[in-house]
Every structure is written in C-alpha cells, then in structure tokens.
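One structure below.
The values are calculated or read from the model by the stated rules, or taken from the named source; none is laboratory data. Bear in mind the structure is a predicted one, so any value in this text is a computation, not a measurement. Here the Cβ positions follow ideal geometry from the backbone for every residue, glycine too, while neighbour counts run over all protein chains shown.
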Amino acid sequence: MIQSMLFPDEQRGPLDAIASTTTRDTKSSPEMSETTFAQQLEELRLAKRFTILELSEILCRSGDTIKNWMYRGQIPDFATQAEVIRALVETKLPSKAVQSELSRLYNLTWEAKKRRWRLRLTINVGKKVVGKRITVDLKAGDANSAIQQRETIIAAYKKLGLIVCSR
C-alpha cells in the first residue's frame, strides 16, 4: 500500500510487480507472505527443472539457505527476494535434467564454456561403409531454438540426399 503511494505504477519495473506480492502487508498474516516467496521459488525451480544444488550455484547461496527459504518458512529481505527472482528468471543455463534429456532425445550436448548447444550426427554413405561422425555448433542458447535448428540441419542434409543417423 505504502509502496504504491511512493511509486506510481508507471515508475515501477516488472520485478516490482513480482516482488510486491512477497512484501509484508499490514493486513495479511506473516505466514501468507512467507509461503508466497517460497511458492514462487519452488515454481521457478520446477519450471526450469533445477535441483537445490544447482539453485545454490546460480544464486551464490548455500543449499541450506535455499532449503530454509523454500521449506522452513524463512524469508530474506525485499532486496534479496527481488535479486533471487530476477536471477532465476533471467538465467539461460539449462539444468542437468534438461541437458540429459536433450542429449538422449535429440543428440544435443551443452557446452558450458561457450554457453551454446552442439549437435552430434552420423552421416552414412553406403550400406557397408562406416558413417562419418560430425558435430555442428549451434548458435542457440536456449533448448527450444536448439531443437528447431537441429530439425533444420537434419532436413537440409536429407534434402542433399545424405542418410542421417542420430548415433
């Protein structure tokens, strides 16, 4: 309430709208504001498929601190809440679960140093000749565009008359 009087809606940023749901209001109970931040943290964690250990690495906090925020009802101050939510929303790093799933289903591997995906394919020349193993560096940083680029590359190789195998 006070925050809306101090900062009109046109001066508030997008993170203020998220963080305003986690601030303590004089009319609401403390339990409600604690669960709101914990629920947001849990929803972002599940949406991006991060483990607690991966969250602790991204947020530069200990795993116990994150567990306290999520499960034990402790909440950080407003600035830390906004920083945590912003860091999780803006992160482009795929979780280990996403990496293993894309590797298994699409033969895409994550290069952590270059922060991009790599496609691994085998191009067969004939029935009795062993295929040629190739890797293609994709300029995609996120999983969805990497899958789209993969499909385009495979379609182009097939249009050239090459036989493409996933492994």
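Determine if segment 83-91 includes at least one residue that is farther than 18 Å from Glu43 by Cβ and among the basic types (Lys, Arg). Give the derivation first.
Within segment 83-91, the first condition is being farther than 18 Å from Glu43 by Cβ, and the residues that meet it are none.
No: segment 83-91 contains no residue that is farther than 18 Å from Glu43 by Cβ and among the basic types (Lys, Arg).
Yes/no per residue for (1) in contact (Cβ under 8 Å) with a residue 60 or more places away in the chain; (2) within 28 Å of the chain's Cα centre (by Cα); (3) under 30 Å from Arg49 (Cα atoms):
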| position | (1), (2), (3) |
| --- | --- |
| Gly126 | no, no, no |
| Leu138 | no, yes, yes |
| Gly141 | no, yes, yes |
| Arg150 | no, yes, yes |
| Cys165 | no, no, yes |
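Could you run through segment 112-134 and say how many residues are surrounded by fewer than 12 Cβ atoms within 10 Å (Cβ to Cβ) and either in a strand (DSSP E or B) or hydrophobic (A, V, I, L, M, F, W, C) (or both)?
To start, the set of residues in segment 112-134 that are surrounded by fewer than 12 Cβ atoms within 10 Å (Cβ to Cβ) comprises 112-115, 125-130, 132-133.
Still in the list and also either in a strand (DSSP E or B) or hydrophobic (A, V, I, L, M, F, W, C) (or both): 112, 125, 129-130, 132-133.
The total comes to 6.
Of (1) outside the structural domain of Lys48 (by TED's automatic domain parsing); (2) at pLDDT 90 or above, Thr80 satisfies all except one. Which?
(1)
Could you list, in sequence order, all residues of segment 50-102 that are free of Cβ contacts under 8 Å to residues at least 60 places away in the same chain, basic (Lys, Arg), part of a helix (DSSP H, G or I) and closer than 16 Å to Ala38 by Cα?
Residue satisfying the conditions is Lys67 alone.
Filter segment 23-63 for residues that are small (Gly, Ala, Ser) and more than 30 Å from Ser100 (Cβ to Cβ); which is modelled with the highest pLDDT? Steps first, answer last, please.
The first filter runs over segment 23-63 and keeps only residues small (Gly, Ala, Ser), leaving 28-29, 33, 38, 47, 56, 62-63.
Next, from what is left, pick out any that are more than 30 Å from Ser100 (Cβ to Cβ): 28-29, 33.
Working: Ser28: 39, Ser29: 42, Ser33: 46.
Once the filter is applied, the top-ranked residue is Ser33.
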